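All remarks here apply to the structure that follows.
The values are calculated or read from the model by the stated rules, or taken from the named source; none is laboratory data. Just so we're clear, the structure is a prediction, and the values are computed from it rather than from any experiment. All Cβ positions, even for glycine, are placed from backbone atoms using ideal geometry, and neighbour counts span all protein chains on display.
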Amino acid sequence: MSLHDDAQMPALRSESASGPLKICVVGSGRHFLSGISYYTHELALALSERSQIAVILMRQLIPTRFYPGKFRVGNDLSGLTYPGGIHVFDGVDWFWGSRILRCLAFLRSQAPDIVILEWWTGAVLHTYLLLALVARTMGARIVIEFHEVQDVGEQEIPFVSRYVSLIFPLLLRLTSGSVVHSTYDRDALQTRFGRRLGPVATLPHAPYSFPWFAVKPASAVRPSGPTQLLYFGVIRPFKGVDDLINAFGSLSPEDAQQFRLTIVGETWEGCDVSPLVNACPYRELINFVNRYVHDQELNDYLNRADVVVLPYHRSSSSGPLSLAMGFGLPVVVSHVGGLTEAAAGYDGVIFFTPKDVPALRDAILQSQSMRGKRFSSKGGWQQVANEMMEFISSLLPSRLFDK
């Protein structure tokens, strides 16, 4: 069955003609907490304003010993919970077991019209393929929302990269449409998969603004003292944290005293920047928190920050960027990939060329002029939900779409 076989699918349930559309969002849960966990949560909540929502969460992505953040798997690190009006199955393990049977029973009980698969890693491919097959036999349409073509680390593992290349087209054959966050991603995916993607919608990644965060107003910003720079997020080779440390170390002694740098993040893929931090001539001006912090700690770091610096070498989208803009903070960010579109139109952004340490240093110096300012973020989750619903409506017979 493929996108072009929709006419041969079982008839969609007639209940949708008189009631709200039933949507099942499939994504990441809290056990292996990541940016996709938050995205899945926010999308489900936004869609629940106009639809009947169910959520299926991926729980044990891979055997814990193979996960880069294995020491914090299962820890209580977030205030992320789903309201009672959203039915949640938490969740499916990589090795399936009895959980997959309970998941399929849950899927059948929810009888969705649309299943939205949040795609970010090949570890979920076999589960997504099974869920898509079962959902299609029930008459549901499948939509894949891409956050990456494939995880950067996975692409460097020959067997995993080959596995995704071989199996992912089977999943695409079951989909009715795809969603991306930027034209950069659209072009990359169409280059790789071509017409198999079907109709593609480009929807923005809305700024995060979690209710359990308390955003300090601009009026509470310190009038004097050093400018507080913040990097937060997983520390991986492509995140460019080494460039940030080198740029900070290249400041003149007079300029360096005007700043404090905080780096908060969990080391992945052997990207240990501790030696660079310790060798920096301004080591006493750097606070390095080398772990995955609780939401409340992150809230405190963001409220103390004057500027967020994200020196990525490549990226399709960025949860830290979306959260920084949700706080209204100035951001220094690489002019790369989907980040250019994500921050376009945000008055508090300073772009610089990726991997260019002198350009990053100059951008840091320029960011001082934005200290104490807060900026309005563009769009929002209701805009994302509205555009998602419009896209979904184009995939369904008009009689089934309840506006």
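Here are the numbers for the structure shown:
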item	result
Tabulated pairs, region 351-372, first part of a helix (DSSP H, G or I), second of a type in the set (Val, Ile, Thr), C-beta under 6 angstrom, 6+ apart or interchain	Ala359/Thr353; Ala363/Val332; Ala363/Ile350; Gln366/Ile350; Ser367/Val307; Ser367/Val332; Ser367/Ile350; Gln368/Thr227
Test set (1) in contact with a strand residue (DSSP E or B) (Cβ under 7 Å, 6 or more places away or on another chain); (2) at pLDDT 95 or above - Asp362 fails condition number	(1)
Qualifying residue in region 193-205 (condition: charged (D, E, K, R) and in contact with a Pro (Cβ under 9 Å, 6 or more places away or on another chain))	yes
Every residue from region 351-373 that is of a type in the set (D, E, K, R) and touching a Pro at 6+ places or on another chain (Cβ under 7 Å)	Lys373
Search result, residues across region 141-154 that are in contact with a Leu (Cβ under 9 Å, 6 or more places away or on another chain) and either farther than 19 Å from Leu43 by Cα or at pLDDT below 95 (or both)	Phe146, Val149
Residues located in region 159-212, provided they are touching a Lys or Arg at 6+ places or on another chain (Cβ under 8 Å) and either of a type in the set (A, V, I, L, M) or farther than 13 Å from Ile144 by Cβ (or both)	Leu172, Leu174, Val180, Val200, Thr202, Pro204, Pro207
Residue list for region 169-180, restricted to those being surrounded by fewer than 22 Cβ atoms within 10 Å (Cβ to Cβ) and not in a helix (DSSP H, G or I)	Arg173, Gly177
Criterion (at pLDDT 95 or above, within 28 Å of the chain's Cα centre (by Cα) and either under 21 Å from Leu77 (Cβ atoms) or surrounded by fewer than 16 Cβ atoms within 10 Å (Cβ to Cβ) (or both)) met by exactly one of Val264, Val215	Val264
Some residue of region 293-308 being surrounded by fewer than 17 Cβ atoms within 10 Å (Cβ to Cβ), of a type in the set (Val, Ile, Thr) and not assigned by TED's automatic domain parsing to the domain that holds Asn75	no
Members of region 124-151 found to be crowded, with 21+ Cβ neighbours inside 10 Å, among the hydrophobic types (A, V, I, L, M, F, W, C) and not in a loop (DSSP other than H, G, I, E, B), listed by number	Val124, Leu131, Ala132, Ala135, Ile142, Val143, Ile144, Phe146
Qualifying positions in region 243-281 - over 19 Å from Val308 (Cα atoms) and in contact with a helix residue (DSSP H, G or I) (Cβ under 6 Å, 6 or more places away or on another chain)	Glu269, Cys271, Leu276, Cys280, Pro281
Matching entry among Ser274, Ser250 (being among the polar types (S, T, N, Q), exposed (fewer than 15 other Cβ atoms within 10 Å of the Cβ) and more than 19 Å from the chain's Cα centre (by Cα))	Ser274
Identity of the residue in region 95-113, in contact (Cβ under 8 Å) with a residue 60 or more places away in the chain and more than 14 Å from Leu130 (Cα to Cα), that ends up surrounded by the most Cβ atoms within 10 Å (Cβ to Cβ)	Pro112
Subset tally (residues that are at pLDDT 95 or above, among the hydrophobic types (A, V, I, L, M, F, W, C) and in a loop (DSSP other than H, G, I, E, B)) for region 267-292	2
Those residues of region 313-324 which are buried (at least 23 other Cβ atoms within 10 Å of the Cβ) and over 15 Å from Gly35 (Cα atoms), in sequence order	none
